[in-house]
Amino acid sequence: MTDRMPGPTSHTYFSQRLRLHYVDWGDPGGPPLLLIHGGRDHCRNWDWVAAALREEWHIIAPDLRGHGDSQWSADGSYSMAGYIYDLAQLIHQQHLAPATIIAHSLGGNIALRYAGIYPETVARLVAIEGLGPSPQRLAEREAPTIAERMDQWILEQRRLAGRLPRRYASIEDAFRRMQEENPHLAAEQARHLTVHGANQNEDGTYSWKFDNYVRAWPPHDMRGRDIELLWSRIRCPTLLLYGKESWAGNPAEDGRAEHFRHGTVVGIDRAGHWLHHDRLDEFLRVVREFLSA
């Protein structure tokens, strides 16, 4: 990070008895802008975006439950309903409505559903590949019967129960793993994400902060038509971003975008799933244009 202004301050709030963490980039007089990360990520992945937008906005970036410096769920359960409740509690407790939201992947999924439940509380919404699986992938995932899906979930829970957090001998080893996960990342980005995304263990090794149980996909979710109903209830301008080198697909082509009243779809060239890292300057240009319209 090259920004010379003071960094964010850490805060906690409570939701369903969990102590959850968020960072606040200051300027409480500015309009609130929430930055919500994706799965197995953390709030400090937004540092470059926050540094660029902090003079115009009051920026708050939470760690989802089970991620970053937020508490892990005691029973290892990470439902979409729980994530949505956490977001609702943050906005309610900190009096942030109407808020503008930029959210990535899992965070985008959460934000889109929240905005459909409480449309009056969201002023503008940017979802970076936050629509979930494409219709084709969703159909493949739901092809097994509920008995088969429950069986697979139970087997996965047992496997995760016996899985210890991976330990890296040094922060450099964790850094190299971060680079392998997303080859689009510059070395500076990968190192920053690693430093803020790992804890040092008592024996000197390093492990990622997220709970391994967040890897488990729940055996059931809202029905597709219910999710589409929530999308259709969003009143605010909504920007749906996707990376043209990502697996997520173009929502304008597969029909998902048609459920939004005020949705705009933009694809980013030479970018994968983490397009806000892969093409930061282009991402900021598109987002600033959208937020100022």
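Every number here is computed from the coordinates shown, using simple stated rules; none is lab data. The structure presented is a predicted model; accordingly, all values stated were derived computationally and were not measured. Cβ placement follows ideal geometry from the backbone for every residue including glycine, while neighbour counts extend to all protein chains displayed.
Structure summary
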{"item": "Inter-probe distance in nm under a simple model that places probes 7 Å from Cα toward Cβ, at ARG19 and SER77", "result": "2.3"}
{"item": "Magnitude of the charge dipole, the chain, Cβ model with Lys/Arg +1 and Asp/Glu -1, debye to 20", "result": "420"}
{"item": "Overall form of the stretch 53-140 per C-alpha gyration tensor (a/c, 1.5; a/b vs b/c)", "result": "oblate"}
{"item": "Ranked list, fewest to most other Cβ atoms within 10 Å of each Cβ, for HIS262, HIS276", "result": "HIS262, HIS276"}
{"item": "Which of ALA111, GLN136, ILE146, positive extreme of dipole for the stretch 111-151 (C-beta unit charges)", "result": "ALA111"}
{"item": "Farthest toward positive dipole pole in the stretch 152-293 [+1 Lys/Arg, -1 Asp/Glu at C-beta], among PRO237, MET222, LEU164", "result": "MET222"}
{"item": "Per-residue Cβ neighbour rank within 10 angstrom, fewest leading, VAL195, VAL126", "result": "VAL195, VAL126"}
{"item": "Gained length - ARG233 relative to ARG270, 0.36 nm times residue gap less alpha-carbon distance", "result": "10.1 nm"}
{"item": "Kirkwood-based Rg to Rh ratio, the stretch 27-66, C-alpha trace", "result": "1.00"}
{"item": "For the stretch 36-45, Karplus couplings with θ = phi - 60° (6.51, -1.76, 1.60), whole Hz, Gly/Pro x", "result": "10, 7, x, x, 6, 10, 7, 5, 7, 5"}
{"item": "Relative contact order of the stretch 208-292, pairs being alpha-carbon contacts under 8 Å that are 6 or more residues apart, as %", "result": "26"}
{"item": "Per-residue [θ]222 nm for the chain (sum of -39500 (n - 2.57) over DSSP H runs n ≥ 4, rounded to 500)", "result": "-11000 deg cm²/dmol"}
{"item": "The stretch 94-182: chymotrypsin sites (Phe, Trp or Tyr not before Pro) falling in loop per DSSP and having at most 14 other Cβ within 10 Å", "result": "none"}
{"item": "Cα pair distances in the stretch 210-262, grouped into 5 Å bins until the bin that holds the longest one, percent each", "result": "4, 16, 17, 18, 21, 17, 6, 1"}
{"item": "Mean shadow area of the chain, taken as a quarter of the surface of its Cα convex hull (nm²)", "result": "15.1"}
{"item": "In nm, spacing of pseudo-spin labels at GLU142 and LEU155 (7 Å Cα→C-beta vector)", "result": "2.3"}
{"item": "Which of VAL287, VAL265, VAL122 has the fewest Cβ neighbours within 10 Å, and the rest in rising order", "result": "VAL265, VAL287, VAL122"}
